[in-house]
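Working notes for the structure below.
The values are calculated or read from the model by the stated rules, or taken from the named source; none is laboratory data. Just so we're clear, the structure is a prediction, and the values are computed from it rather than from any experiment. With ideal geometry, Cβ positions are generated from the backbone for all residues, glycine too; neighbour counts draw on all protein chains shown.
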Amino acid sequence: MLADDKTRAAHFLSAEKKNDDGEKKSDDGAGARAHAVFLGLLASPDWFTREKAVFCLTRLIDQRPARDKKLGLRAEDREGAEYVVPNENESVAGAATIRLVRWLCRELTAPAPSHPTRAVPSCVAALASLLSIREVRPIAHRAGAVDAIAPLLRRNAGPHDVQEIYEAALCAWLLIFHPPARDAMARLGCVRGLMDVAGTAAKEKVARVATLALRNLARFTSVGGGGDDDAVPTTSGSVVVGTSLAAQEEALRKLVQNLRLRDFHDEELLAALTDLEDEVLARRKEASSWDRYSAELMSGTMDWTAAHTDEGFWRENASKLTDNNCRLLRTLVAAAGDAGADARTLAVACHDLGEFATHYPAGRFLVHDLKGKECAMRLLAHANDEVRKQALLCTQKLLVAKWRFLDKPGGGEVTA
(Lines give C-alpha, C1' and ligand atoms only; values in the text may rest on other atoms or scores of the structure.)
Protein backbone atom coordinates (compact mmCIF):
# COMPACT_ATOMS: atom_id res chain seq x y z
CA MET A 1 0.00 0.00 0.00
CA LEU A 2 2.64 2.56 1.05
CA ALA A 3 5.10 1.29 -1.55
CA ASP A 4 2.64 2.01 -4.36
CA ASP A 5 1.73 5.49 -3.11
CA LYS A 6 3.54 7.06 -0.16
CA THR A 7 0.85 9.73 0.24
CA ARG A 8 -1.43 7.03 1.60
CA ALA A 9 0.46 7.46 4.88
CA ALA A 10 -1.90 10.37 5.54
CA HIS A 11 -4.67 7.85 6.24
CA PHE A 12 -2.73 6.57 9.27
CA LEU A 13 -2.23 10.09 10.60
CA SER A 14 -5.57 11.74 9.86
CA ALA A 15 -7.06 11.23 13.34
CA GLU A 16 -4.24 13.05 15.10
CA LYS A 17 -5.73 16.55 15.37
CA LYS A 18 -5.41 19.71 17.45
CA ASN A 19 -7.97 21.87 19.22
CA ASP A 20 -8.71 25.54 18.57
CA ASP A 21 -5.80 26.59 20.80
CA GLY A 22 -3.34 24.64 18.67
CA GLU A 23 -2.84 21.90 21.27
CA LYS A 24 -3.17 18.21 20.52
CA LYS A 25 -6.46 16.78 21.72
CA SER A 26 -4.98 13.42 22.52
CA ASP A 27 -1.91 11.31 22.01
CA ASP A 28 -4.15 8.30 21.41
CA GLY A 29 -5.19 9.18 17.85
CA ALA A 30 -4.66 7.01 14.82
CA GLY A 31 -1.28 8.62 14.16
CA ALA A 32 0.00 7.87 17.65
CA ARG A 33 -1.26 4.30 17.46
CA ALA A 34 0.33 3.78 14.03
CA HIS A 35 3.73 4.94 15.24
CA ALA A 36 3.46 2.84 18.38
CA VAL A 37 2.46 -0.31 16.49
CA PHE A 38 5.32 -0.10 14.01
CA LEU A 39 7.85 0.82 16.70
CA GLY A 40 6.77 -2.26 18.62
CA LEU A 41 7.30 -4.43 15.55
CA LEU A 42 10.99 -3.43 15.49
CA ALA A 43 11.45 -5.96 18.30
CA SER A 44 9.94 -8.80 16.28
CA PRO A 45 12.13 -11.91 15.99
CA ASP A 46 11.26 -12.09 12.31
CA TRP A 47 13.45 -9.89 10.09
CA PHE A 48 10.82 -9.54 7.38
CA THR A 49 8.46 -7.95 9.91
CA ARG A 50 11.16 -5.58 11.17
CA GLU A 51 12.12 -4.58 7.62
CA LYS A 52 8.52 -3.70 6.73
CA ALA A 53 8.06 -1.85 10.02
CA VAL A 54 11.13 0.29 9.21
CA PHE A 55 9.73 1.02 5.76
CA CYS A 56 6.31 1.98 7.11
CA LEU A 57 7.74 4.19 9.85
CA THR A 58 9.95 5.97 7.34
CA ARG A 59 6.93 6.64 5.13
CA LEU A 60 4.86 7.92 8.07
CA ILE A 61 7.61 10.33 9.11
CA ASP A 62 8.18 11.47 5.53
CA GLN A 63 4.46 12.13 4.99
CA ARG A 64 3.74 13.67 8.40
CA PRO A 65 1.17 16.52 8.42
CA ALA A 66 2.29 20.01 7.46
CA ARG A 67 1.92 21.20 11.08
CA ASP A 68 4.56 18.63 12.12
CA LYS A 69 7.00 19.19 9.27
CA LYS A 70 9.55 20.24 11.89
CA LEU A 71 8.71 17.11 13.91
CA GLY A 72 7.55 19.28 16.82
CA LEU A 73 11.07 19.29 18.25
CA ARG A 74 12.08 22.26 20.40
CA ALA A 75 15.40 24.02 19.74
CA GLU A 76 17.70 24.17 22.74
CA ASP A 77 21.07 25.81 23.16
CA ARG A 78 24.18 23.69 23.02
CA GLU A 79 27.88 24.25 22.25
CA GLY A 80 27.71 28.00 22.14
CA ALA A 81 24.14 28.17 20.78
CA GLU A 82 25.46 27.09 17.41
CA TYR A 83 23.68 23.77 16.93
CA VAL A 84 20.01 22.83 17.12
CA VAL A 85 19.36 20.04 19.60
CA PRO A 86 15.92 18.39 19.47
CA ASN A 87 13.89 17.79 22.60
CA GLU A 88 13.03 14.12 22.65
CA ASN A 89 9.59 14.56 24.30
CA GLU A 90 7.86 17.05 22.01
CA SER A 91 5.69 15.04 19.59
CA VAL A 92 4.67 11.56 18.54
CA ALA A 93 6.41 11.93 15.17
CA GLY A 94 9.52 13.38 16.79
CA ALA A 95 9.77 10.65 19.41
CA ALA A 96 9.21 7.97 16.76
CA THR A 97 11.94 9.50 14.61
CA ILE A 98 14.45 9.47 17.44
CA ARG A 99 13.70 5.86 18.33
CA LEU A 100 13.89 4.75 14.71
CA VAL A 101 17.18 6.55 14.04
CA ARG A 102 18.76 5.01 17.12
CA TRP A 103 17.49 1.56 16.15
CA LEU A 104 18.90 1.94 12.62
CA CYS A 105 22.31 3.04 13.92
CA ARG A 106 22.43 0.10 16.34
CA GLU A 107 21.61 -2.30 13.53
CA LEU A 108 24.30 -0.85 11.26
CA THR A 109 27.00 -0.87 13.94
CA ALA A 110 26.20 -4.35 15.26
CA PRO A 111 29.07 -6.88 14.99
CA ALA A 112 26.88 -9.07 12.77
CA PRO A 113 23.84 -7.93 10.76
CA SER A 114 20.42 -9.22 11.78
CA HIS A 115 19.95 -10.56 8.25
CA PRO A 116 22.91 -11.52 6.03
CA THR A 117 21.68 -9.80 2.87
CA ARG A 118 18.80 -7.46 3.74
CA ALA A 119 19.67 -5.79 7.07
CA VAL A 120 22.33 -3.34 5.85
CA PRO A 121 20.63 -2.26 2.57
CA SER A 122 17.27 -1.73 4.28
CA CYS A 123 18.69 0.21 7.23
CA VAL A 124 20.99 2.44 5.21
CA ALA A 125 18.15 3.27 2.79
CA ALA A 126 15.88 4.25 5.69
CA LEU A 127 18.63 6.32 7.30
CA ALA A 128 19.27 8.18 4.05
CA SER A 129 15.58 9.04 3.83
CA LEU A 130 15.47 10.34 7.40
CA LEU A 131 18.67 12.38 7.06
CA SER A 132 16.99 14.47 4.39
CA ILE A 133 15.16 16.08 7.37
CA ARG A 134 17.44 18.75 8.82
CA GLU A 135 16.42 18.15 12.44
CA VAL A 136 17.32 14.48 12.20
CA ARG A 137 21.02 15.07 11.49
CA PRO A 138 22.05 16.05 15.06
CA ILE A 139 20.05 13.10 16.40
CA ALA A 140 21.69 10.71 13.94
CA HIS A 141 25.16 12.03 14.69
CA ARG A 142 24.70 11.50 18.44
CA ALA A 143 23.27 8.04 17.75
CA GLY A 144 26.45 7.01 15.88
CA ALA A 145 25.45 7.48 12.24
CA VAL A 146 29.00 8.31 11.16
CA ASP A 147 30.32 5.15 12.83
CA ALA A 148 27.63 3.23 10.96
CA ILE A 149 28.33 4.74 7.55
CA ALA A 150 32.15 4.84 7.55
CA PRO A 151 32.65 1.05 7.24
CA LEU A 152 30.18 0.91 4.35
CA LEU A 153 32.28 3.43 2.41
CA ARG A 154 35.55 1.68 3.23
CA ARG A 155 34.35 -1.77 2.20
CA ASN A 156 33.47 -0.44 -1.27
CA ALA A 157 36.58 -2.15 -2.69
CA GLY A 158 34.96 -5.58 -2.43
CA PRO A 159 31.75 -7.03 -3.86
CA HIS A 160 28.85 -4.78 -2.97
CA ASP A 161 25.33 -3.72 -3.81
CA VAL A 162 25.36 -0.59 -6.00
CA GLN A 163 22.23 0.81 -4.36
CA GLU A 164 23.66 0.18 -0.90
CA ILE A 165 26.83 2.12 -1.74
CA TYR A 166 24.74 4.90 -3.25
CA GLU A 167 22.62 5.18 -0.11
CA ALA A 168 25.73 5.15 2.11
CA ALA A 169 27.33 7.94 0.07
CA LEU A 170 24.02 9.84 0.20
CA CYS A 171 24.03 9.53 4.00
CA ALA A 172 27.58 10.90 4.06
CA TRP A 173 26.59 13.84 1.85
CA LEU A 174 23.64 14.71 4.08
CA LEU A 175 25.69 14.41 7.29
CA ILE A 176 28.26 16.84 5.91
CA PHE A 177 25.74 19.64 6.53
CA HIS A 178 26.11 19.04 10.29
CA PRO A 179 29.54 20.34 11.46
CA PRO A 180 30.23 17.83 14.27
CA ALA A 181 29.45 15.00 11.86
CA ARG A 182 31.94 16.44 9.36
CA ASP A 183 34.75 16.24 11.91
CA ALA A 184 33.79 12.69 12.87
CA MET A 185 33.79 11.67 9.21
CA ALA A 186 37.33 13.00 8.79
CA ARG A 187 38.56 11.13 11.86
CA LEU A 188 37.02 7.86 10.67
CA GLY A 189 38.53 7.99 7.17
CA CYS A 190 35.36 8.86 5.26
CA VAL A 191 37.28 11.19 2.94
CA ARG A 192 39.28 8.27 1.59
CA GLY A 193 36.13 6.13 1.53
CA LEU A 194 34.23 8.67 -0.56
CA MET A 195 37.19 8.91 -2.94
CA ASP A 196 37.17 5.13 -3.37
CA VAL A 197 33.41 5.16 -3.98
CA ALA A 198 33.70 7.90 -6.61
CA GLY A 199 36.70 6.29 -8.31
CA THR A 200 35.25 2.79 -8.58
CA ALA A 201 31.60 3.69 -9.18
CA ALA A 202 30.01 1.79 -12.04
CA LYS A 203 26.93 4.00 -11.98
CA GLU A 204 26.95 7.72 -12.67
CA LYS A 205 24.61 8.47 -9.76
CA VAL A 206 27.06 6.89 -7.30
CA ALA A 207 29.99 8.89 -8.65
CA ARG A 208 27.85 12.05 -8.52
CA VAL A 209 26.81 11.81 -4.88
CA ALA A 210 30.33 10.85 -3.71
CA THR A 211 31.88 13.72 -5.68
CA LEU A 212 29.30 16.17 -4.35
CA ALA A 213 30.13 15.06 -0.82
CA LEU A 214 33.85 15.64 -1.41
CA ARG A 215 33.13 19.00 -3.03
CA ASN A 216 31.06 20.12 -0.06
CA LEU A 217 33.71 18.98 2.39
CA ALA A 218 36.27 21.07 0.52
CA ARG A 219 33.97 24.08 0.37
CA PHE A 220 33.01 24.00 4.03
CA THR A 221 36.64 23.75 5.15
CA SER A 222 38.17 26.38 2.88
CA VAL A 223 39.56 29.41 4.67
CA GLY A 224 36.88 32.05 5.11
CA GLY A 225 34.24 30.01 3.33
CA GLY A 226 31.57 27.46 3.85
CA GLY A 227 28.81 27.04 6.32
CA ASP A 228 25.98 24.59 6.66
CA ASP A 229 22.25 24.21 6.68
CA ASP A 230 22.02 23.29 10.36
CA ALA A 231 23.88 26.11 12.03
CA VAL A 232 25.12 29.63 11.70
CA PRO A 233 27.61 29.76 8.79
CA THR A 234 31.15 29.51 10.02
CA THR A 235 33.90 31.95 9.17
CA SER A 236 36.61 29.36 8.94
CA GLY A 237 36.76 25.73 7.97
CA SER A 238 37.10 22.69 10.19
CA VAL A 239 40.73 22.00 11.03
CA VAL A 240 40.06 18.27 11.29
CA VAL A 241 38.43 17.97 7.88
CA GLY A 242 40.90 20.39 6.29
CA THR A 243 43.77 18.26 7.54
CA SER A 244 42.16 15.11 6.14
CA LEU A 245 41.63 16.72 2.73
CA ALA A 246 45.16 18.10 2.64
CA ALA A 247 46.45 14.61 3.33
CA GLN A 248 44.65 13.32 0.24
CA GLU A 249 45.49 16.24 -2.04
CA GLU A 250 47.47 14.29 -4.62
CA ALA A 251 44.95 11.44 -4.65
CA LEU A 252 42.09 13.94 -5.05
CA ARG A 253 43.81 15.51 -8.03
CA LYS A 254 44.24 12.11 -9.69
CA LEU A 255 40.64 11.20 -8.90
CA VAL A 256 39.34 14.32 -10.65
CA GLN A 257 41.52 13.59 -13.68
CA ASN A 258 40.32 9.98 -13.89
CA LEU A 259 36.66 10.90 -13.53
CA ARG A 260 36.99 13.48 -16.30
CA LEU A 261 38.17 10.71 -18.63
CA ARG A 262 34.99 8.73 -18.08
CA ASP A 263 31.97 9.27 -20.28
CA PHE A 264 29.85 11.13 -17.74
CA HIS A 265 27.20 13.59 -18.94
CA ASP A 266 25.59 14.69 -15.68
CA GLU A 267 26.00 18.48 -15.49
CA GLU A 268 25.93 18.54 -11.69
CA LEU A 269 28.72 15.95 -11.54
CA LEU A 270 30.86 17.82 -14.08
CA ALA A 271 30.39 21.09 -12.19
CA ALA A 272 31.33 19.38 -8.92
CA LEU A 273 34.52 18.04 -10.50
CA THR A 274 35.47 21.54 -11.62
CA ASP A 275 34.82 22.94 -8.14
CA LEU A 276 36.76 20.13 -6.49
CA GLU A 277 39.70 20.65 -8.82
CA ASP A 278 39.73 24.37 -8.02
CA GLU A 279 39.77 23.62 -4.29
CA VAL A 280 42.68 21.19 -4.68
CA LEU A 281 44.68 23.76 -6.65
CA ALA A 282 43.96 26.43 -4.04
CA ARG A 283 45.17 24.16 -1.25
CA ARG A 284 48.33 23.30 -3.17
CA LYS A 285 49.21 26.98 -3.45
CA GLU A 286 48.63 27.57 0.26
CA ALA A 287 50.51 24.58 1.67
CA SER A 288 54.17 23.51 1.41
CA SER A 289 55.18 19.89 0.85
CA TRP A 290 55.94 19.57 4.56
CA ASP A 291 52.51 20.98 5.48
CA ARG A 292 50.87 18.41 3.23
CA TYR A 293 52.99 15.58 4.63
CA SER A 294 52.32 16.46 8.28
CA ALA A 295 48.60 16.84 7.52
CA GLU A 296 48.56 13.40 5.91
CA LEU A 297 50.40 11.87 8.85
CA MET A 298 48.05 13.40 11.42
CA SER A 299 45.00 12.25 9.46
CA GLY A 300 45.83 8.62 10.20
CA THR A 301 45.46 7.55 6.55
CA MET A 302 48.54 7.58 4.31
CA ASP A 303 49.09 7.05 0.60
CA TRP A 304 52.04 6.97 -1.80
CA THR A 305 52.14 10.72 -2.41
CA ALA A 306 55.26 12.29 -3.90
CA ALA A 307 56.85 13.33 -0.59
CA HIS A 308 57.33 9.76 0.64
CA THR A 309 59.67 8.73 -2.17
CA ASP A 310 61.43 12.09 -2.66
CA GLU A 311 65.05 11.89 -1.48
CA GLY A 312 65.30 15.68 -1.28
CA PHE A 313 62.19 15.89 0.89
CA TRP A 314 63.70 13.57 3.47
CA ARG A 315 67.08 15.30 3.46
CA GLU A 316 65.34 18.61 4.15
CA ASN A 317 62.59 17.55 6.52
CA ALA A 318 63.62 14.41 8.43
CA SER A 319 64.69 16.49 11.44
CA LYS A 320 61.21 18.05 11.69
CA LEU A 321 59.79 14.74 12.84
CA THR A 322 61.67 15.26 16.11
CA ASP A 323 60.11 18.65 16.89
CA ASN A 324 57.90 18.98 19.99
CA ASN A 325 59.38 15.97 21.72
CA CYS A 326 59.17 13.83 18.57
CA ARG A 327 55.42 14.31 18.30
CA LEU A 328 55.19 13.45 14.59
CA LEU A 329 57.69 10.61 14.88
CA ARG A 330 55.59 9.11 17.66
CA THR A 331 52.52 9.47 15.43
CA LEU A 332 54.37 7.68 12.62
CA VAL A 333 55.33 4.81 14.91
CA ALA A 334 51.73 4.60 16.13
CA ALA A 335 50.54 4.39 12.50
CA ALA A 336 52.90 1.48 11.86
CA GLY A 337 51.63 -0.25 14.99
CA ASP A 338 47.93 0.25 14.32
CA ALA A 339 46.49 -3.22 13.73
CA GLY A 340 43.26 -1.74 12.38
CA ALA A 341 44.91 0.46 9.73
CA ASP A 342 44.58 -0.34 6.03
CA ALA A 343 47.47 -2.09 4.28
CA ARG A 344 48.50 1.00 2.29
CA THR A 345 48.88 3.10 5.45
CA LEU A 346 50.96 0.39 7.13
CA ALA A 347 53.24 0.06 4.10
CA VAL A 348 53.80 3.82 3.83
CA ALA A 349 54.40 4.14 7.58
CA CYS A 350 57.09 1.44 7.46
CA HIS A 351 58.71 3.11 4.45
CA ASP A 352 58.78 6.49 6.22
CA LEU A 353 60.27 5.06 9.40
CA GLY A 354 63.08 3.60 7.30
CA GLU A 355 63.62 6.93 5.52
CA PHE A 356 63.78 8.79 8.81
CA ALA A 357 66.28 6.29 10.21
CA THR A 358 68.39 6.72 7.07
CA HIS A 359 68.39 10.52 6.86
CA TYR A 360 68.43 11.64 10.50
CA PRO A 361 71.55 11.26 12.66
CA ALA A 362 70.86 8.69 15.35
CA GLY A 363 67.49 8.11 13.69
CA ARG A 364 67.85 4.35 14.08
CA PHE A 365 68.18 4.67 17.83
CA LEU A 366 65.27 7.08 18.16
CA VAL A 367 62.96 4.73 16.25
CA HIS A 368 64.20 1.83 18.35
CA ASP A 369 63.54 3.73 21.60
CA LEU A 370 59.99 4.48 20.47
CA LYS A 371 59.34 0.77 19.71
CA GLY A 372 59.28 1.42 15.97
CA LYS A 373 61.45 -1.58 15.17
CA GLU A 374 59.09 -3.87 17.07
CA CYS A 375 56.18 -2.56 14.99
CA ALA A 376 58.06 -3.16 11.74
CA MET A 377 59.09 -6.67 12.74
CA ARG A 378 55.53 -7.61 13.63
CA LEU A 379 54.46 -6.55 10.15
CA LEU A 380 56.89 -9.03 8.58
CA ALA A 381 54.09 -11.58 9.02
CA HIS A 382 51.35 -9.36 7.57
CA ALA A 383 49.04 -10.85 4.94
CA ASN A 384 49.70 -8.05 2.42
CA ASP A 385 52.76 -8.40 0.17
CA GLU A 386 53.52 -4.67 0.02
CA VAL A 387 53.34 -4.35 3.81
CA ARG A 388 55.76 -7.26 4.26
CA LYS A 389 58.14 -5.75 1.68
CA GLN A 390 58.20 -2.32 3.31
CA ALA A 391 58.45 -3.84 6.80
CA LEU A 392 61.50 -5.85 5.68
CA LEU A 393 63.18 -2.81 4.15
CA CYS A 394 62.42 -0.77 7.27
CA THR A 395 63.89 -3.44 9.53
CA GLN A 396 67.05 -3.62 7.41
CA LYS A 397 67.48 0.17 7.53
CA LEU A 398 67.07 0.11 11.29
CA LEU A 399 69.73 -2.56 11.63
CA VAL A 400 72.29 -1.28 9.11
CA ALA A 401 74.25 1.95 9.50
CA LYS A 402 74.96 4.10 6.43
CA TRP A 403 72.19 2.43 4.46
CA ARG A 404 72.32 5.17 1.80
CA PHE A 405 75.75 4.00 0.72
CA LEU A 406 74.98 0.30 0.64
CA ASP A 407 74.13 0.11 -3.07
CA LYS A 408 76.68 2.71 -4.24
CA PRO A 409 80.11 1.64 -5.59
CA GLY A 410 82.87 2.86 -3.32
CA GLY A 411 80.32 3.88 -0.74
CA GLY A 412 82.54 2.68 2.09
CA GLU A 413 82.18 0.02 4.68
CA VAL A 414 78.71 -0.74 5.91
CA THR A 415 78.37 -1.38 9.61
CA ALA A 416 75.52 -2.68 11.68
Next item on the list: Take the range 308-322 and flag every residue that is more than 30 Å from the chain's Cα centre (by Cα) and among the acidic types (Asp, Glu).
Entry: Glu311, Glu316
Checklist line | Check on Val367, part of a helix (DSSP H, G or I) and under 17 Å from Lys389 (Cβ atoms) | finding: no
Check: What is the one condition in (1) at pLDDT 85 or above; (2) outside any helix (DSSP H, G or I) that Leu104 does not satisfy?
Finding: (2)
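Looking only at the range 345-379, how many residues end up being among the aromatic types (Phe, Trp, Tyr) and either crowded, with 22+ Cβ neighbours inside 10 Å or in contact with a Cys (Cβ under 8 Å, 6 or more places away or on another chain) (or both)? Show your work before the answer.
From the range 345-379, those among the aromatic types (Phe, Trp, Tyr) are 356, 360, 365; that's our starting set.
So of that shortlist, the ones also either crowded, with 22+ Cβ neighbours inside 10 Å or in contact with a Cys (Cβ under 8 Å, 6 or more places away or on another chain) (or both) come out as 356.
So the answer is 1.
So, Thr345, is that one within 21 Å of Ala295 (Cβ to Cβ) and touching a Ser or Thr at 6+ places or on another chain (Cβ under 6 Å) or not? Quick ask: steps written out before the conclusion?
Values: within 21 Å of Ala295 (Cβ to Cβ): yes; touching a Ser or Thr at 6+ places or on another chain (Cβ under 6 Å): yes.
Yes, satisfied.
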Check: Would you say Thr274 is surrounded by fewer than 14 Cβ atoms within 10 Å (Cβ to Cβ), part of a helix (DSSP H, G or I) and modelled with pLDDT of 85 or more?
Finding: yes
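Does the range 308-321 contain any residue that is among the aliphatic types (A, V, I, L, M), more than 28 Å from Val209 (Cα to Cα), in contact with a helix residue (DSSP H, G or I) (Cβ under 6 Å, 6 or more places away or on another chain) and modelled with pLDDT of 90 or more? Please lay out each step first, then the result.
First, the residues of the range 308-321 that are among the aliphatic types (A, V, I, L, M): 318, 321.
Retained after the next criterion (residues that are more than 28 Å from Val209 (Cα to Cα)): 318, 321.
Now narrow it down to the ones that are in contact with a helix residue (DSSP H, G or I) (Cβ under 6 Å, 6 or more places away or on another chain): 318, 321.
With modelled with pLDDT of 90 or more added as a condition, the list becomes 318, 321.
Scanning the range 308-321 turns up at least one residue that is among the aliphatic types (A, V, I, L, M), more than 28 Å from Val209 (Cα to Cα), in contact with a helix residue (DSSP H, G or I) (Cβ under 6 Å, 6 or more places away or on another chain) and modelled with pLDDT of 90 or more.
I'd like to check something: does the range 304-316 contain any residue that is assigned to a loop (DSSP other than H, G, I, E, B) and touching a residue at least 40 places away in the same chain (Cβ under 8 Å)?
First pass over the range 304-316, keeping only residues assigned to a loop (DSSP other than H, G, I, E, B): 304-305, 310.
Keeping just the survivors that are touching a residue at least 40 places away in the same chain (Cβ under 8 Å) gives 304-305.
Yes - at least one qualifying residue is present in the range 304-316.
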